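Reviewing the structure listed below.
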Amino acid sequence: MPSQRKVIITCAVTGSIHTPSMSPYLPITPEQVAEGAIGAAEAGAAIVHLHARDPYDGRPTPDPEIFFEFLPRIKSACNAVINITTGGGHGMTVQERLAAALQAKPEMASLNMGSMNFGLFPMLERGRQWKYDWEPAYLEASRDFIFRNTFKDIEYTLRTLGEGCGTRFEFECYDVGHLYNLAHFVDRGLVRPPMLVQTIFGILGGIGADPDNLVHMKRIADKLFGEAYQWSVLAAGRHQMPLVTTAAILGGNVRVGLEDSLWLGRGQLAESNAAQVQKIRGILENLSLEVATADEARMLLHLKGADQVAF
């Protein structure tokens, strides 16, 4: 087990995968997103990864005005690194997905490293009463949907948000090919180390949530990037805690949060993002691993600092 290192905990507060009918604890309003992020930071998350939702029905939204309802509050209440999505939600254009981040100029933003099928429709099979008509329609639409992240889209994001705003990225890699896409941009000089490489497991259309796949993704990332990156892992649903724990044992960083899983344990909904952060922090400390502070994460990832953002 690696020693003398700090583990970065990222918390993804609400996302655009789950819908309001799936959990009463899913943050919807700007106030709830802010409370979820602040609670996660207080529990030990160094980075909070943020999406926005329509406060009236919980639909994912790219509206910068809604982002700006919670961004200043989070910044004023905690020291966490604020990481804004550029993935957005199904059906958003690249320009819509980037709108809030380009205005906010955050320290970090997510960047998906390849186009892919992104299937949410199996969640329709679980049988539930829907609060809003948009929810089942949104899930069903993913049956015939390609999550677009072309080389042109990625380069546009790297140039406008990265070079233009000084924002660094959480590179989201859902399969092995996405690691090679990232290596392409490193070779071209559009991405400079150190990188935070978030390897993602358990999304239908991406690599499966299997320990063998986790080890394989790390082996390829090590081959491509050597010591020029920070490795992190997230896993969907019930796979969250087992796989992120395995990643930590293998020398990685971890991501939890209600974007990735609504659960705290078998049959137990997580009542907050903080609850998931507290759980993984306890696991890490029981493994004799130290949790990185927000400022330590800034140093490891060469971030510009909270005083350089536009909110």
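The values are calculated or read from the model by the stated rules, or taken from the named source; none is laboratory data. All values reported here derive from a predicted model rather than from experimental measurement. A quick note on method: Cβ atoms are made from the backbone with ideal geometry, for glycine too, and the neighbour counts reach across all protein chains shown. Accessible surface areas use protein heavy atoms only, side chains included; no ligands, DNA or RNA. Shrake-Rupley method; radii C 1.70, N 1.55, O 1.52, S 1.80 Å.
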Length gain on complete extension for the stretch ARG219 to SER76, per 0.36 nm per residue less the alpha carbon to alpha carbon distance?
-> 47.5 nm
Largest to smallest accessible area among SER288, SER21 [probe 1.4 Å] = SER288, SER21
For the stretch 1-96, what value does the Rg/Rh ratio take when both radii are computed over Cα atoms and Rh is the Kirkwood radius, given to two decimals?
-> 1.01
Accessible solvent surface per residue of the stretch 158-311, calculated while the other protein chains remain in place, 1.4 angstrom probe, Å² | 42 Å²
Those GluC sites (Glu not before Pro) from the stretch 230-297 that are DSSP loop and have at most 14 other Cβ neighbours within 10 Å turn out to be GLU271
Calculate the spin-label point distance for GLN268 paired with ASP210, positioning each point 7 Å from the Cα along the beta-carbon direction, and give it in nanometres.
-> 3.0 nm
When the Cα centres of the stretch 122-180 and the stretch 264-306 are compared, how far apart do they sit, in Å?
-> 23 Å
Can you work out the FRET efficiency for the pair TYR156 and GLU125, with r the C-beta to C-beta distance and R0 = 45 Å, to the nearest 0.05?
-> 0.75
The stretch 197-311: antiparallel DSSP beta bridges as a percent of all, rounded to 5 = 20 percent
Of all the accessible heavy-atom surface of the chain, with the other protein chains kept in place and a 1.4 Å probe, what percent is carbon and sulfur?
-> 49 percent
Listed residues ARG192, ARG168, ARG53 arranged by accessible area, highest first, probe 1.4 Å | ARG192, ARG168, ARG53
Rounded D (µm²/s) - the stretch 154-306, Kirkwood Rh over Cα pairs, Stokes-Einstein at 10 °C, 1.306 mPa s | 98 µm²/s
Global form of the chain, assessed from the alpha-carbon gyration tensor, a/c cut-off 1.5 | rounded
With Rh as the Kirkwood radius over Cα pairs, the stretch 44-96 has Rg/Rh of 0.99
Mind checking which lysines have their Cα closer than 23 Å to the Cα of LYS279? Skip sequence neighbours fewer than 8 apart in that chain.
-> LYS6
Which semi-axis lengths, in whole Å and largest first, follow from the square roots of five times the eigenvalues of the Cα gyration tensor of the stretch 124-182?
-> 33, 15, 11
